[in-house]
Amino acid sequence: MIIVFNKYQGTGNDFIIIDNRKGILDPLDSRLINKLCDRRFGIGADGLILISEDYKYDFEMKYFNSDGFESTMCGNGGRCSADFAIRSGIAGKQLTFKAIDGTHSAIAEGGIIRLQMNDVKEPKIIRQNYFINTGSPHCVIFQKDISMLDVNTEGKKIRMSEDYAPDGTNVNFVEVVNNGIYVRTFERGVEEETLSCGTGVTASAIASVLSGLIDIGPVNVKTKGGNLTVSFKTDGNLISDIWLSGPATFVFEGMIEV
């Protein structure tokens, strides 16, 4: 079978996107999804996204980590999915799609994709670090000199620690810089540091304001893969009107035999 795919990246967080409205790829075929994401024997990506038909919204996004299994919400993947839908004629520049954590709106403006994230309720403090679910669970750790940090080693220690059992967590190391924050993320499912993580950037921006380290946003966020912006409103333990903004870049289209 020949599968047509698009390769996308959002601030270095890269994805295989497949138009699956005709059901060409079985979402339960974790072996195949893992193989397609393999950087040596497949196409190579942090994750794979299937764009499926939805009768109520413009489309449904199903996101899979590179381990082959469906995961929780992916912010950069959502932005790339929105751009793919616009480029493919599936949706206009203002659209709404369904994801595993609910519905999301997106707007394309001047080369930037703005994605509305779902509200965050009752962020927690665990061992002096913020734990925030922005569609995916995130531990946020503030420290200095994170450019020198071994993120894979330190992130792995926390990712499956007893504090976050049984499902584990993504781990974000955050440093306050002159014009915002710098974030490095260890992603579960990928099981290593990625160049950017949209839900992690969102959680880190929220934590930086809740902690008083950054004034109310928009919060400018630097990642190894590029820059993003997060805006939101706070009302006690409710964070609402959350928007993740940044570039979503089409890399190439290809075909692969599976």
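Worth a mention:
- Nearest-20 debye value, the chain charge dipole, Cβ charges on Lys, Arg, Asp, Glu: 260
- Rg over Rh, two decimals, segment 1-48 (C-alpha only, Kirkwood Rh): 0.95
- Under 12 Å from the Cα of Lys222 - aspartates and glutamates, other chains or at least 8 residues apart: Glu175
- Beta bridges per DSSP with both ends in the chain, % antiparallel, nearest 5: 80
- Histogrammed with a bin width of 10 Å, the alpha carbon distances of the chain distribute as 7, 33, 37, 19, 4, 0 percent, first bin at zero.
- Counted by Cβ distance under 13 Å from Ile33, the other residues give a net charge of -3, where Lys and Arg count +1 and Asp and Glu count -1.
- Volume per residue that the Cα convex hull of segment 120-246 spans, once the total is divided by residue count, Å³: 96
- On the beta carbon distance between Glu70 and Glu109, with R0 = 35 Å, the FRET formula returns roughly 0.70.
- The helix-only estimate of mean residue ellipticity at 222 nm for the chain, built from DSSP H runs of length n ≥ 4 each weighted as -39500 (n - 2.57), is -5000 deg cm²/dmol after division by the residue total.
- The aspartates and glutamates within cross-link reach of Lys93, meaning a Cα-to-Cα straight distance under 20 Å and a gap of 8 or more places when in the same chain, are Asp19, Glu53, Asp54, Asp58, Glu60, Asp83, Glu109, Asp241.
- Arranged from fewest to most other beta-carbon atoms within 10 Å of their beta carbon, Phe186, Phe15, Phe41, Phe131 become Phe41, Phe131, Phe186, Phe15.
- Total formal charge among the other residues, if their Cβ is under 15 angstrom from that of Gly168, Lys/Arg +1 and Asp/Glu -1: -4
- Packing-based order for 23-31, 207-215, 81-89, 111-119, using average beta carbon neighbours within 10 Å, highest first: 81-89, 111-119, 207-215, 23-31
- Options Ile3, Cys139, Gly180, ranked by Cα towards positive dipole end of the chain, top entry (Cβ charges): Gly180
- Since only Phe250, Thr96, Leu149 are under comparison, the one whose Cα sits farthest along the positive direction of the charge dipole of the chain, derived from C-beta charges on Lys, Arg, Asp and Glu, is Phe250.
- Summed side-chain charge close to Asn65 - residues other than Asn65 whose Cβ falls under 12 Å, Lys, Arg +1, Asp, Glu -1: -4
- Ignoring lysines fewer than eight residues from Lys124 along the same chain, the ones with Cα atoms less than 20 angstrom from its Cα are Lys157, Lys233.
Readers should treat all values here as calculations from the given coordinates under stated rules, not as data from a laboratory. Treat the numbers as computed from the prediction; the structure is a model and nothing was measured. Heads up, the Cβs are rebuilt from the backbone with ideal geometry, glycines too, and the neighbour counts pull from every protein chain shown.
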